[in-house]
1. If I filter the range 1-25 down to residues being polar (S, T, N, Q), in a helix (DSSP H, G or I) and over 19 Å from Glu93 (Cβ atoms), which single residue comes out as modelled with the lowest pLDDT?
2. Suppose we filter Val81, Val73 for residues that are modelled with pLDDT of 95 or more, aliphatic (A, V, I, L, M), open to solvent by 50 Å² or more (accessible area, probe 1.4 Å) and over 16 Å from the mean Cα position of the chain (by Cα); which single one remains?
3. Do you know which residues across the range 44-63 are touching a helix residue (DSSP H, G or I) at 6+ places or on another chain (Cβ under 8 Å) and over 22 Å from Glu83 (Cα atoms)?
4. Mind listing whichever residues of the range 52-64 are loosely packed, with under 13 Cβ neighbours inside 10 Å and in a helix (DSSP H, G or I)?
5. Would you mind telling me which numbered condition in (1) open to solvent by 70 Å² or more (accessible area, probe 1.4 Å); (2) among the aliphatic types (A, V, I, L, M); (3) modelled with pLDDT of 90 or more; (4) in a loop (DSSP other than H, G, I, E, B) Leu46 fails?
Amino acid sequence: MSDTTYEEFSKYGKEFADSGLKSIASLSKGAQAIAVEASEYTKKSLEAGSATFEKLLSAKSFEDALGIQTDYVKQAYESFVAEATKFGDLYSELAKEAYKPFEGIVAKAR
């Protein structure tokens, strides 16, 4: 193996390692954003459930209780769908950011 080949291989290895470290940093940052979002969603869900329970305790009739429950289910479903969309976007962004450092290496390999 010539010195030039060794130097090229060494340079390629260093670029790959640097890209790997950048990718790990992106994964860490993305995972942290997802964890924060999950925590906030859980907190909001618990607060909404608690508020609904309090409303149910003060319901004057079965019809009032049914209306409170129906409103809660509708709100919970809409909130879930919105959060699922947000989580999908966060995971998509995480994948894009984790791959970004390797784009240059992949382009060179082609």
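The values are calculated or read from the model by the stated rules, or taken from the named source; none is laboratory data. None of these values were measured; they are calculated from a predicted model. Every residue, glycine among them, receives a Cβ derived from its backbone with ideal geometry; neighbour counts consider all protein chains shown. Please note that ligands, DNA and RNA were not included when accessible areas were found on the heavy atoms of the full protein model with its side chains. Shrake-Rupley method; radii C 1.70, N 1.55, O 1.52, S 1.80 Å.
1. Our first condition is that a residue be polar (S, T, N, Q); within the range 1-25, this holds for 2, 4-5, 10, 19, 23.
In the following step, the residues that additionally are in a helix (DSSP H, G or I) were identified as 4-5, 10, 19, 23.
So of that shortlist, the ones also over 19 Å from Glu93 (Cβ atoms) come out as 4-5, 10.
Values: Thr4: 62, Thr5: 72, Ser10: 71.
Ranking the qualifying residues of the range 1-25, first place goes to Thr4.
2. Among Val81, Val73, only Val73 is modelled with pLDDT of 95 or more, aliphatic (A, V, I, L, M), open to solvent by 50 Å² or more (accessible area, probe 1.4 Å) and over 16 Å from the mean Cα position of the chain (by Cα).
3. Of all residues in the range 44-63, those touching a helix residue (DSSP H, G or I) at 6+ places or on another chain (Cβ under 8 Å) come to 44-45, 48-49, 52, 55-56, 59.
Lys55, Leu56, Ala59 - these are the residues of the range 44-63 that are touching a helix residue (DSSP H, G or I) at 6+ places or on another chain (Cβ under 8 Å) and over 22 Å from Glu83 (Cα atoms).
4. Phe53, Glu54, Leu57, Phe62, Glu63
5. Here Leu46 clears every test but (4).
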